[in-house]
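**Student:** Attaching a single structure in structure tokens format; questions to follow.
Throughout, read-outs are computed from the coordinates displayed, never taken from laboratory work. These numbers come from a predicted model, not from an experiment. FYI the Cβ positions are ideal-geometry reconstructions off the backbone, even for glycines, and counts take in every protein chain you see.
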Amino acid sequence: MKKVRILALHLAYGGIEKAIISTANLLADKYDVEIIGVYNMPDSPAFRVDSRVCIRYLLDEIPNPKEWKAAVRAFKIVDIVKESVKSLRILRNKKRAVIDTLKSIHDGVLITTRHEDNLVLSKYGDKNVLKIAQLHHDHNFIKKYTDGFINGYGNIDVFTLLTPGLVEEVREIMRDNRHTRLALMPNFLETYPDVTDLGGREETILAVGRLEPVKGFDRLIRCFRDIHRKRPACKLKIVGEGTERKRLEEMIREYELEDSVILTGRLDSVGVEREMLRASALAMSSHNEGFGYVIIEAMSCGLPVVAFDVRVGPGYIIENGVNGFLVSDGDEAEYAARLLALLDRDELRTAQAEKAMLRAKDFSKENIGKLWFDIIGD
């Protein structure tokens, strides 16, 4: 049985981590699969791992950004120095461990999942190993990344990207690379919920993601303020945790929405699905999205999705006016209007929900498995 190894930074909560674990579970149907995690974070793995998948970790220590930021905020010079030295040591150990690990593998398939590790794989990967690089984020392809694609991916055998648009963009950037095969590899759903009723949904708008600036939950709350004026019974639930929680809580108090906007904190996959099966629409307010895992999860639960039409991700999955709405980035008035339309018009919401469930089926384990098996072979 062919050996497939997947290098991951960690296996805690996150869309990338869910995609990595889902891929490992899928490939375990046909191959001997191992996930190599750099950091063994608390509560890892955060998602279900097939019993056939082996996991090993490279380091005992985990990154310390919270401790470092706390020292800076408190302006404790000794602690700042201590945490800075610790951070540099962890990063140095991470770099050394990744290089040593990739250099030690001489057979099978090796999949790296971050740009910096793709560069290491190209530089140190054995010629007898099938070297597959992935890019899970939409980085807007700043110079750091385009330079890497051009100069640092020469020995990558296959470079997988999440959307057709990304594939074509990278194809142009890497036009002089005659070795690397570019391949579409979307994220996928391992299972689908049993949606028996699209009616009787709560008057709730749901959002899911890390409470970080890139997710744009501040602009979602501004939009919801306008929605709430017209539909006072409506609720907004935001599922996730992160550094923006305090600022978002302050916004909620300022807008006097304490009874209508709920920050649930982080929920496991069962809890997220339960909320999706209750809600009327999913709101995605991100400033950029490489794919938007949560979009296909929501669609599988019968939720139309309203998203800002940011680069690459949402526009690949959502067909505007069919299974959701795409709104010009930054047009908060139109964004609120589209969500209101789904709340006001049951027939519109139901029609889009049905189309959304059909679209979610395109991202099945079976469909994406065919793409993987074509690349890896027998």
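**Student:** Helix-derived [θ] at 222 nm for the chain: sum -39500 (n - 2.57) over DSSP H runs of at least 4, divide by residue count, nearest 500?
**Tutor:** Estimated from H runs of four or more residues: -14000 deg cm²/dmol.
**Student:** May I pose another question? Could you check which residue among 268, 329, 176 shows the biggest mean-square fluctuation in a GNM of the chain with a 10 Å Cα cutoff?
**Tutor:** Result for the chain, Cα springs under 10 Å: 176 fluctuates most.
**Student:** Could you check the spin-label model distance between residue 341 and residue 144? Points 7 Å from the Cα along Cα→Cβ, value in nm.
**Tutor:** Roughly 3.8 nm, to one decimal.
**Student:** Let me ask something else about it. Determine, for 10, 179, the number of other Cβ atoms within 10 Å of each Cβ, and report the residues in order from fewest to most.
**Tutor:** Ascending number of Cβ neighbours within 10 Å: 179, 10.
**Student:** Next question, about the same structure. Given R₀ = 56 Å, what would the calculated FRET efficiency be for residue 256 paired with residue 192, taking r from the Cβ atoms and rounding to 0.05? All intermediate terms of the calculation are to be shown ahead of the outcome.
**Tutor:** Numbers: r = 39 Å, r/R0 = 0.70.
FRET efficiency, residue 256 to residue 192: 0.90.
**Student:** Turning to a different aspect of this structure: What ranking do 351-358, 32-39 get when scored by the average of other Cβ atoms within 10 Å per residue, highest first? Intermediate values should be presented prior to the final figure.
**Tutor:** Working: 351-358: 19.5, 32-39: 21.2.
Going by the mean number of other Cβ atoms within 10 Å, highest first, we get 32-39, 351-358.
**Student:** Continuing with the same structure: For helix 77-103, what angle does its Cα long axis make with the longest principal axis of the chain, in degrees from 0 to 90 and rounded to 10?
**Tutor:** Helix 77-103 sits roughly 60 degrees off the main axis of the chain.
**Student:** Evaluate the Kirkwood expression for the hydrodynamic radius of the chain, namely the inverse of the mean inverse distance over all pairs of different C-alpha atoms, and round to one decimal in Å.
**Tutor:** 22.1
**Student:** Rg/Rh for segment 26-86 to two decimals, with Rh computed the Kirkwood way over all alpha-carbon pairs.
**Tutor:** Taking Rh as the inverse mean 1/r over Cα pairs, Rg/Rh reads 1.23.
**Student:** List the residues, sorted by chain then number, that are 5 or more residues from residue 262 or on another chain and whose placed amide H is less than 5 Å from its amide H.
**Tutor:** Placed amide hydrogens put 236, 237, 238 under 5 Å from residue 262.
**Student:** Using only Cα atoms and rounding to the nearest 10 degrees, what angle (0 to 90) does helix 269-278 make with the longest principal axis of the chain?
**Tutor:** Taking the Cα atoms of the chain, the angle to 269-278 is about 30 degrees.
**Student:** What's the FRET efficiency of residue 104 with residue 361 using the Cβ-Cβ distance as r and R₀ = 41 Å, to the nearest 0.05?
**Tutor:** My answer for the efficiency is 0.50.
**Student:** Give the peptides 113-120, 371-378 in descending order of average Cβ contacts within 10 Å, highest first.
**Tutor:** 113-120, 371-378
**Student:** Given points 7 Å out from each Cα along the Cα-Cβ axis, report the residue 171 to residue 375 separation in nanometres with one decimal.
**Tutor:** With each label point 7 Å from Cα toward Cβ, the separation is 1.6 nm.
**Student:** Mind pulling the angle between the C-alpha long axis of helix 332-344 and the longest principal axis of the chain? Nearest 10 degrees, somewhere in 0 to 90.
**Tutor:** 70
**Student:** Distance in nm between label sites at residue 245 and residue 52, each 7 Å beyond Cα in the beta-carbon direction?
**Tutor:** A separation of 3.9 nm, rounded to one decimal place.
**Student:** Report the full-extension gain for the segment residue 82 to residue 151: residue separation times 0.36 nm, less the Cα-Cα distance, to one decimal in nm.
**Tutor:** On the way: separation 69, 0.36 × 69 = 24.84 nm, distance 3.62 nm.
Length gained, residue 82 through residue 151: 21.2 nm.
**Student:** Given springs between every Cα pair under 10 Å in a Gaussian network model of the chain, which of 46, 28, 341 has the largest fluctuation?
**Tutor:** Top of the fluctuation ranking is 341.
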